[in-house]
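A.B. asks: Pasting in a structure now, in structure tokens, and then I'll have a few things to ask.
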Amino acid sequence: SLRDRSGEIETFAGAGPPLWQGRMVVLINRGTMGCAEVLATILKQSGGAHLVGLPSRGHAGRMEMLTLSSGAGLLTTDAFYSGMDGEPLARPIEPDTRVGDAIRRLDDDQPPSDLILERGLELLRDLETEPRQKAA
């Protein structure tokens, strides 16, 4: 849903069962914001996706341009999207499995994004051997 200070503005809902019934691993990092945070949150809350990486940016808001008397514009956030739990997406999303700069060795020349991808693929392979848990 989209909420402002006065309450809910708009609600979004899927029509029908999810098309993908398999396991999901979603990669996130500091560059994950806006619609990507909304998608990651929905996939986690409704599809049981496992989030891997670094905390997201923490901003999934609707932007509005206000015109000032001088003719200049001021870009503000007038509402925030929320997940199925109703909580506004105004803080970073924490991954279920944290991967990033802290695990890099000094002699490691792989960028952190590659490490996140590798860990996500590793977890997905591991999940194939475990029974699937239903999403809450």
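A.B. asks: So, by mean Cβ neighbours within 10 angstrom, what's the order for 57-66, 44-53 with the highest one leading?
C.D. replies: In decreasing order of mean packing, 57-66, 44-53 become 44-53, 57-66.
A.B. asks: Grab the Cα-Cα distance for Thr97 and Glu118, subtract it from 0.36 nm times how many residues apart they are, and report the gain in nm with one decimal. Before the final figure, lay out the partial values.
C.D. replies: Values: separation 21, 0.36 × 21 = 7.56 nm, distance 1.22 nm.
Length gained between Thr97 and Glu118: 6.3 nm.
A.B. asks: Another one. Report the full-extension gain for the segment Asp85 to Phe12: residue separation times 0.36 nm, less the Cα-Cα distance, to one decimal in nm.
C.D. replies: Computed gain between Asp85 and Phe12 is 25.0 nm.
A.B. asks: I'd like the FRET efficiency for Leu75 and Gln45, computed as 1/(1 + (r/R0)^6) with the beta carbon distance as r and R0 of 41 Å, rounded to 0.05. It would help to have the intermediate numbers written out before the result.
C.D. replies: Working: r = 29 Å, r/R0 = 0.70.
The formula returns an efficiency of 0.90 here.
A.B. asks: Let me ask you something else. Work out from phi, with θ = phi - 60° and the Karplus expression 6.51 cos²θ - 1.76 cosθ + 1.60, the ³J(HN,Hα) of each residue of the stretch 51-58, listed in order in whole Hz, and give x for Gly and Pro.
C.D. replies: 8, 10, x, 10, x, 6, 5, x
A.B. asks: Moving to a separate point now. What is the set of long-range amide H partners of Val25 at a cut-off below 5 Å, with H atoms built 1.01 Å from backbone N?
C.D. replies: His50
A.B. asks: Place a point 7 Å from Cα of His59 in the direction of its Cβ. Which residues in the stretch 76-90 have their backbone N less than 16 Å from it?
C.D. replies: Of the residues in the stretch 76-90, 76-81, 89-90 have backbone N under 16 Å from the label point off His59.
A.B. asks: Taking the Cα centre of the stretch 1-66 as origin and charging only Cβ (+1 Lys, Arg; -1 Asp, Glu), how large is the dipole, in debye to the nearest 20?
C.D. replies: The dipole of the stretch 1-66 has a size of about 260 debye.
Only the coordinates and a few stated rules stand behind these numbers; no lab work does. Every value quoted in this text rests on a predicted model; they were computed, and no experiment measured them. Virtual Cβ from ideal backbone geometry, glycine too; neighbours counted across all protein chains shown.
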